[in-house]
Amino acid sequence: MGFFLEVLIGGLLAGVLYSLVALGFVLIFKASGVFNFAQGAMVLTAALALVRALDLFEQWHWPFGVALAAAFVFAAAVMAIVAWVAERLVLRKLVNQEGIILFMATIGVTFFLEGLAQTVFGADVYPLNIGLPKDPMFILESLFDGGILVNELDVWAAVIAGLLVAGLALFFQRTRIGRALRAVADDHAAAQSVGIPLNQIWFIVWLVAGLVALVAGAVWGSKLGVQFSLSLLALKALPVLILGGFTSVPGAIIGGLVIGAGEKISEVFLGPFLGGGIEIWFAYVLALLFLLVRPQGMFGERIIERV
Amino acid sequence: MIYREAGQYKASYQADQAIFPIAQDRFVVLALLAVAFLVVPFVASEYVYRAVLIPTVILALAAIGLNVLMGYCGQVSLGSGAFMGVGAYAAYNLTVHLPFLNPFVCILLSGFFAAAIGIVFGIPSLRIKGFYLAVATLAAQFFGDWAFLRVKWITNYTPSGSVNAPPLQLFGWDLSSPTANYLVALLFTVVLGLAVKNIVRGHIGRQWMAIRDMDIAAEIIGVRPMYAKLTAFAVSSFLIGVAGALWAFVYLGSWEPAAFDINRSFQLMFMVIIGGLGSILGSVLGAIFIVLIPIFLNQALPPLGALVGWKISTATVSHFEAMIFGALIVFFLVVEPHGLARLWSVAKEKLRLWPFPH
């Protein structure tokens, strides 16, 4: 039982990180109807910018706190540039195209960003230390023999993710721009006709998604080191989206938790019977089975359309 | 003036519904085929065969297969790499377990295995569409990646997971030279490509297009969505599977599961989109374009870097390649979302009037 709980908690905490990536997808999909495949590449770009800037500032013997803050500002600026360029050169040119064309365009953006980020910032594995503790710790020792092993970093990641979601919820519900974003998500044409500048809104959405990518990149980067595989996180986040629904922020969180936990539990308890390594497809098959029962996901908007 | 269809009267339905109704088209296609079959083998070098011709021809077949699904039936698929893999490993297992069969028979039969798997993974398309379907087909891709690596009987328990194709021969002829490889691949692609061209103008093809254009309306006029979608998945996977078997047997010779990973799926999807959705010609043009671009960049970038005094390493070249590739895709989508095939039809309009545009 203790072991099961340990696997479950480990999975849930990993799931939080999937949610972080999925959140970026949901934000952009809600506001512009674009399925942004480049989210993974954005995570990579943000993390690379962060870690390289941090290294550089530390070489200049800045105090750690200042260097960290400056590195975050630098990475955020990079993401702002990415958002601006993406809006200017890609989205604006492709207004009114079909969804699949926009999706393809974001795959193009993915390739471009991956190449650019690795050319500019280097393509090695960079360890990232942003001051999060990394020690494993044991909890509930009184309840189970030997307690449950939890990685402290994962707990911090969960806390950060929670704060981020709370912040986003406040931003969407309580600010002027947030209200404009929700209006655009509801109906582009109506939003435009009441005077909301669409181009500006799209830039802001991509920027917010870029900042979410920065947070995801910082957390994943301190866990695994900043490397190219961060870009593949996008593929991990897709089944999360299917489970949670493309348009729901809470759905992304809960979907991430379900996928994270399901993945780890299946790998540990089912994997040995199937030859191991089933992690890479389990999430997808889970999402696929779920689709057959409830095509719009757990919280997605109901598509009233029968085929 | 040259490309004019005025005066070509069709006196029968047969003539009206021909695959190439215009005489100039027939002539050009025949001339192209003659060049491909009779002239190219005498001029191409081994490098050109291995780097350009054979990959282009085989991937063109796979792109035609994906175009059946995406372009004609409107179902997005990101699992084509896995279906190629299914074809390759099915052909391999056929040659291992039924050694009396000729490899070419195995390549053709492998298509049926791919079609069966394609139907299974096509079932979700009955309930979902668009991006949801794209993600669902990714499940096929990842499941395939895993199965080729972990399910040992697929690779006949080879310890390294890498398998070898048997030598290619037919009626005692040795067909392992690059020229023979090329001709074999070309024959498969041309025959199957013409077959698809034939299918899409018939009743099944029209059902696919009806489903693509508006599924609800199609159902009302009597198209069975399940039948139409699943046949599209079957035909598409058949072609992709045969292309995969050709890729493995004719091009690679010995291969590992990584040959059929998700990048292959993306590559095929790019071919279809850049070439043009719903066009056989487009698939071929897309395949040519996507195969040639990396070769061109590999050749052109280091000298260009040297020109400005910058030594470009191979890693940098591959990053630049990704960048330029990405930028080109975006550029193409912005300039011509309907692909190279659309450029051709625009050119056709112009040729009709040339040289007297008024």
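Details
- Among A:G210, A:F228, A:L238 the positive-end extreme of the charge dipole of chain A (Cβ point charges): A:G210
- Dipole in debye (nearest 20) - region B:129-237, about Cα centre, beta carbon charges: Lys, Arg +1; Asp, Glu -1: 200
- Ranking B:W173, B:V29, B:F331 by how far each Cα lies toward the positive end of the dipole of the protein assembly as shown (charges on Cβ) leaves B:V29 at the top.
- The HN-Hα couplings worked out from phi for region A:154-167 by the Karplus form 6.51 cos²θ - 1.76 cosθ + 1.60 (θ = phi - 60°) are 5, 5, 4, 4, 5, 4, 4, 4, x, 4, 4, 5, 4, x Hz, whole numbers, x standing for Gly and Pro.
- Under a 5 Å amide H cut-off, with hydrogens placed 1.01 Å from N, B:L170 pairs with B:L175 among residues at least 5 apart or on other chains.
- Here A:K264 is the anchor, and the lysines within straight C-alpha reach of less than 18 Å, apart from those fewer than 8 places off in the same chain, are A:K223, A:K236.
- Most mobile of A:A183, A:A216, A:A80 in a GNM of chain A (Cα contacts under 10 Å): A:A183
- Most mobile listed residue (A:W60, A:W156, A:W220) in chain A, GNM with C-alpha springs under 10 Å: A:W60
- Listed by chain and number, the lysines whose C-alpha is less than 17 Å from the C-alpha of B:K229, apart from same-chain residues fewer than 8 away, are B:K129.
- Neighbourhood net charge (12 Å Cβ-Cβ; Lys/Arg +1, Asp/Glu -1) for B:L69: +2
- Here the 3J(HN,Hα) profile of region B:135-140, calculated from phi with Karplus coefficients 6.51, -1.76 and 1.60 at θ = phi - 60°, is 5, 4, 6, 4, 4, 4 Hz, Gly and Pro shown as x.
- The charge dipole of the protein assembly as shown, taken about its Cα centre with unit charges on the Cβ of Lys, Arg, Asp and Glu (plus for the first two, minus for the last two), comes to roughly 1720 debye.
- Local electrostatic count, A:S32, Cβ distance below 15 Å [Lys/Arg +1, Asp/Glu -1]: +1
- Debye log10 I(q)/I(0) for region B:298-348, one point scatterer per Cα, at q = 0.16 Å⁻¹: -0.61
- Cα centre as origin, Lys/Arg/Asp/Glu Cβ charges: chain A dipole, Debye: 1060
- Legend: mean number of C-beta atoms from other chains within 10 angstrom of residue C-beta atoms, peptide B:333-342, equals 3.
- Contact order for region B:44-353, expressed relative to its length and based on alpha carbon pairs under 8 Å spaced 6+ residues apart, stands at 32 percent.
- Choice from B:K229, B:K197, B:K129 showing the highest fluctuation, given a GNM over chain B with Cα pairs closer than 10 Å: B:K129
- Per-residue Karplus couplings for region A:186-192, computed as 6.51 cos²θ - 1.76 cosθ + 1.60 with θ equal to phi - 60°, are listed in order as 5, 7, 4, 5, 5, 4, 5 Hz, Gly and Pro entered as x.
- Listed by chain and number, the lysines placed with their C-alpha closer than 26 angstrom to that of B:K10 are B:K197, B:K348, B:K350; residues fewer than eight positions away on the same chain are left out.
- Peptides B:87-96, A:19-28 ordered by packing proxy, namely the average of other Cβ atoms within 10 Å per residue, highest first: A:19-28, B:87-96.
- Relative contact order for chain A, counting Cα pairs under 8 Å that sit 6 or more residues apart, in percent: 35
- Using the Stokes-Einstein relation with a Kirkwood hydrodynamic radius computed over Cα pairs, the translational diffusion coefficient of region A:2-293 at 37 °C and a viscosity of 0.692 mPa s comes to 165 µm²/s.
Every number here is computed from the coordinates shown, using simple stated rules; none is lab data. This structure is a prediction, so every number in the text was calculated from the model and none was measured. Virtual Cβ from ideal backbone geometry, glycine too; neighbours counted across all protein chains shown.
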